[in-house]
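The values are calculated or read from the model by the stated rules, or taken from the named source; none is laboratory data. Note that the coordinates shown come from a computational prediction; the quantities given were computed from them, not determined experimentally. A quick note on method: Cβ atoms are made from the backbone with ideal geometry, for glycine too, and the neighbour counts reach across all protein chains shown. With ligands, DNA and RNA removed, areas are computed over all heavy atoms of the protein, side chains included. Shrake-Rupley method; radii C 1.70, N 1.55, O 1.52, S 1.80 Å.
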Amino acid sequence: MKKLTPLAILTLITCLALSACSDKPETVVAKPAPPPLPTYDGPDFLRTTIGSVTVVGGYRPTLVSGFGLVVDLDNTGSSTIPPSIRAYMTNEMTKRGLGQGEFDHIAPDALLNSPRTAVVAVQGVIPPGSPRGTPFDLNIVALPQDADTTSLEGGRLYTTDLSIGGIDSSMPATLPIAKANGQLFTNPFSQSASYDENQRAAVIPGGGSVTQDRPLVLQLRIPSYQRAHQIAERINGRFPQLAGDRFPLAVAKNDQFIQLNVLQRFQADPTRMLELVSHLYVNPTDAFNQQTADYLITVLQQPQNKKHADRIALALEAMGRSIIPKLQRNYTHTDPITRITCLEAGARLGDNRAAEHLFQIAQDNQPGAAERATVLLGVLFQSRPNDYHLGTMLRTLVDNDDTLVRLAAFDGLDRAADAAVTNRPFGDKLTLSLVRCDKPMVYVTRSQNPRIVIFQEMLPLNQPLLYVPDSLPLMVRFNAGEELAAVYHKSDDLSQGSSGSRSQQIAPTVANLIYLLAHDPDHRNPTPGFNLSYSQIVRALHDLQTAGHFSAPLILQPTPDMQQ
């Protein structure tokens, strides 16, 4: 037998391999590379901050929506519902038990066809990083195909599931991530036909509730295990876990992602936590902070960098209290933007020496700057609620000529639980806040927790007064020479009397009237009350003020950002 040469053996092996491959061909498909993260394009002086080497995931607010049913209307609803939406609503109502069991007397179709109901579009914006249970505002509007629904006033929204793209038929169905319900608030201040001002639109302050945690993550622009752990340690070193925090703020998960957990002290404003984290420099040394603080303050004085003042204030605050002496040297800077930026960082770091300078700016009544300075005084007062000097400043500013300054001063006093503000909650319906001051004003909110704020706690009703509204089961009478005002309420509850009406006399102040209209008597507090809705109470205030029955401006909170 002829001996095979090494070359022949190699040739044979190659042929066998090729033969085997030809019997079972394999196609190797390379996995597509993930799209690259966007490169940092911010200012050079923030290039080594955490925000320059990572991208925040889950940072954007989330728009959620769904179709819901409004009930308890005064025959101002309709049965005009597109077939696809009617089928959806019927299915949802059946799933919730209507038409069966103990609710077998309530047929979904009969409810949808009632003039006391209307199908509406419900929308809300979930703030970034919101944990389960976080409340958010809702915007309610009658369907555009339903021209027969004339008003949503007095209505109440049944529990509605909200999801991403819930009212957009062009988007694939997604699982609900929030729920919505509550009493509608229609705007009594205008009868115009603009989107949010007519009676076919309403809001429910704080009527949404998150049902799934909204996670926040930092994604590294260049993956690295070492870098991920370094960034997490830097974040936790600056914002440590305290008693009451279940987890540290930052947890490195792998070479790409760092999970962020909202600390208890940032629960009310997770966006601010994210902003501080993003503007925190990776370098942890104090020497670096001292040098960089000087650099940022110098950079800020250059005209092209004025637009970055807010970001520089965040970066300075993120450095911590060790740079306060450098900030203090600029509290009287001749450049107003440099001055207020350093004052903001100092106030948020708890430097009480910023107070006098902020008070001076607030009293100067420069548009924007005065309100900002008052807000910062409030921030300082929250950290020092027993500081008599700070309290006196805010109590002075609550009588300022600028409405925004007054509101900012009230907010600061309220958050610090100062004695100048008295709060009376009426369940989830509203909170009545009375502010001890000289200049009268009434402020009505339509976002988050409904609230009526009366500046000048004993604001009187004016004589003579006769208020008999068409839209409310109410009458108020305060004749000249009388010491008490009489309030009459026509109730659907006939147990109140043969006519279903009841009356009460009150000391003639706006606060007493609101208390009577809002209070719902029970065994714990049997004080008389008419249990009107928030929207009804605000409508009565609007009518009374318009007719001159109390002498104070009535201010409605601007349209919430969610509606815009």
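In segment 115-264, carbon and sulfur make up what percent of the accessible area (probe 1.4 Å)?
54 percent
Is segment 346-453 best put as rounded, prolate or oblate by its Cα gyration tensor, with a ≥ b ≥ c the root eigenvalues, rounded for a/c under 1.5, and otherwise prolate when a/b is larger than b/c, oblate when not?
Because a/c hits 1.5 or more and a/b exceeds b/c, segment 346-453 counts as prolate.
Can you show me the helix-derived [θ] at 222 nm for the chain, built from DSSP H runs with n ≥ 4 at -39,500 (n - 2.57) apiece and divided by the number of residues, rounded to the nearest 500.
Helix-only estimate at 222 nm: -9500 deg cm²/dmol.
Would you mind checking the tilt of helix 6-23 against the longest principal axis of the Cα atoms of the chain, expressed as 0 to 90 degrees and rounded to 10?
Once rounded, one gets 30 degrees.
May I ask for the net charge around Arg227, where only other residues with Cβ less than 14 Å from the Cβ of Arg227 are counted and Lys, Arg are +1 while Asp, Glu are -1? Kindly include the intermediate steps, with their values, before the conclusion.
Details: positive: Arg221, Arg234, Lys253; negative: Glu233, Asp255.
Within the 14 Å Cβ shell, the charges total +1.
With every protein chain kept in place and ligands, DNA and RNA left out, what is the accessible area per residue of the chain? Probe 1.4 Å, answer in Å².
Per residue, the chain has 51 Å² of solvent-accessible surface.
Rounded to a whole number, what % of the accessible area of segment 338-412 do carbon and sulfur atoms account for, probe 1.4 Å?
On the way: 1390 of 2960 Å².
Here it works out to 47 percent.
Pull up the cross-link candidates among the aspartates and glutamates for Lys490, meaning alpha carbon to alpha carbon under 14 Å and not fewer than 8 places away within one chain.
Answer for Lys490, where 14 Å is the Cα cut-off: Asp470, listed by chain and number.
Determine the order of Lys439, Lys253 by accessible area, beginning with the largest, at a probe radius of 1.4 Å.
Largest accessible area first, the residues go Lys253, Lys439.
In what order, largest first, do His523, His489 sit by accessible area if the probe radius is 1.4 Å?
Most to least solvent-accessible, the answer reads His523, His489.
Counting each pair of different Cα atoms once, what's the Kirkwood radius of the chain in Å, rounded to one decimal?
28.0 Å
Could you compute the net charge surrounding Ser163? Neighbours are other residues with a C-beta less than 14 Å from the C-beta of Ser163; K and R count +1, D and E count -1.
On the way: positive: Lys179, Arg214; negative: Glu92, Asp161, Asp168.
Result for the neighbourhood of Ser163: -1.
If you split all Cα-Cα distances of segment 107-161 into 10 Å bins from zero, what percentages do you get per bin, shortest first?
All Cα pairs, binned at 10 Å, distribute as 18, 46, 23, 12, 0 percent.
Can you give the longest stretch of the chain with no exposed loop site, where a site means GluC sites (Glu not before Pro) in a DSSP loop (not H, G, I, E or B) with at most 10 other C-beta atoms within 10 Å? Intermediate results must be reported in sequence, preceding the final value.
Values: sites that count: Glu26, Glu483.
Between the exposed loop sites, the longest stretch runs 27-482.
For the Cα atoms of the chain, what angle does the longest principal axis make with the long axis of helix 403-415, in degrees from 0 to 90, nearest 10?
80 degrees
Normalized C-alpha radius of gyration of segment 173-266, against 2.2 N^0.38 Å?
Ratio of Rg to 2.2 N^0.38 Å for segment 173-266: 1.70.
Accessible area, 1.4 Å probe, largest first: how do Lys307, Lys490 sort?
Lys307, Lys490
Computed on alpha carbon atoms, what radius of gyration and Dmax characterise segment 225-340, expressed in Å?
Values for segment 225-340 (Cα only, Rg and Dmax): 15.7, 48 Å.
Taking 0.36 nm per intervening residue step and subtracting the Cα-Cα distance, what contour gain separates Gln545 from Arg321 on full extension?
Taking 0.36 nm per residue and subtracting the Cα distance, the gain is 75.8 nm.
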